[in-house]
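All remarks here apply to the structure that follows.
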Amino acid sequence: MKGSDPGGKPNLAATSWALLGMLSYEHELSGYDIRKFIDWSMRFYYGSPAYSQIYSELRKLEQLGLVTSRVENTGGTRNRRLYKITEAGLDAVTRWANEAPVDPPTLKHGALLRVTLGHLTNPARLKEVLQEHVTYADEMHRKAAKDARWAGADPSWAYARVALQWAERYYANERELALKLIKELDEAEAAFPQAQKGGPEKIPWPTPEFWYEIEKKANAEEPD
């Protein structure tokens, strides 16, 4: 199969595996249907691809023979294209779900990056950033809780509901961690060295040699 590894398993992006998983149920779905389902579930813990990315990946899956599509004449101004998984696609995504190694989570935390580079701003601005993050976490927690509750409407959503309940707990914890960070900023401000008066306005920072010396001591204390 074109686009496969030597072992016969398709070499797909993570988004493609997610789309195949969405199509592994019995119904045909449009790209819009798939995006809506992702917004109801996976966006809380895996992101939500744009429509352009969804359609691009669906075209690749069709070229690989993993899905088929047909145009449904709805009688309206626009027809819609429906996608259905093939036997090869169902076999591939089933083997992926059971055999493929699970990638470790990748965390890109914008608020925490601002805290790490806090010497470029000030505690008041950092607290504003973290308060905005608390508001975001509150909103995501509320939406995840709502979707988890409504996922109980049908037994076939049982696994999705478990994942949504995890998302509900995750954003509750994210909120508490951000509030704790806000309290700890005062300690960081008090401990951070200030530039010497009358000297050049340079941010105090240890030399690379000092970094490596600390790294050696840390490694000696607790070997990998």
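The values are calculated or read from the model by the stated rules, or taken from the named source; none is laboratory data. These figures come from a predicted structure and were not determined experimentally. Cβ sites come from the backbone with ideal geometry, for glycine too, and all protein chains shown count toward neighbours.
Annotations for the structure displayed:
- Which listed residue is modelled with pLDDT of 95 or more and either in contact with a strand residue (DSSP E or B) (Cβ under 6 Å, 6 or more places away or on another chain) or not β-branched (Val, Ile, Thr) (or both), from GLU209, GLU168: GLU168
- Subset of the range 148-173 (residues that are closer than 17 Å to MET22 by Cα and touching a residue at least 12 places away in the same chain (Cβ under 8 Å)): ALA151, SER156, ALA160, ARG161, ALA163, LEU164
- Counting only helices (runs of 4 or more DSSP H) wholly contained in the range 106-224, the ones carrying 3 or more residues that are under 30 Å from SER24 (Cβ atoms) and within 29 Å of the chain's Cα centre (by Cα) occupy 123-150, 158-191.
- Qualifying positions in the range 1-54 - among the charged types (D, E, K, R), modelled with pLDDT of 85 or more and not in a helix (DSSP H, G or I): GLU28
- LEU130 vs. criteria touching a helix residue (DSSP H, G or I) at 6+ places or on another chain (Cβ under 8 Å), outside the structural domain of LYS180 (by the TED database) and of a type in the set (A, V, I, L, M, F, W, C): no
- In this entry, THR74 passes the filter for residues that are surrounded by fewer than 15 Cβ atoms within 10 Å (Cβ to Cβ), more than 30 Å from GLU189 (Cβ to Cβ) and of a type in the set (S, T, N, Q).
- Residue selected from the range 38-52 under the condition buried (at least 16 other Cβ atoms within 10 Å of the Cβ) and in contact (Cβ under 8 Å) with a residue 12 or more places away in the chain, by the criterion nearest to ARG161 (Cα to Cα): SER41
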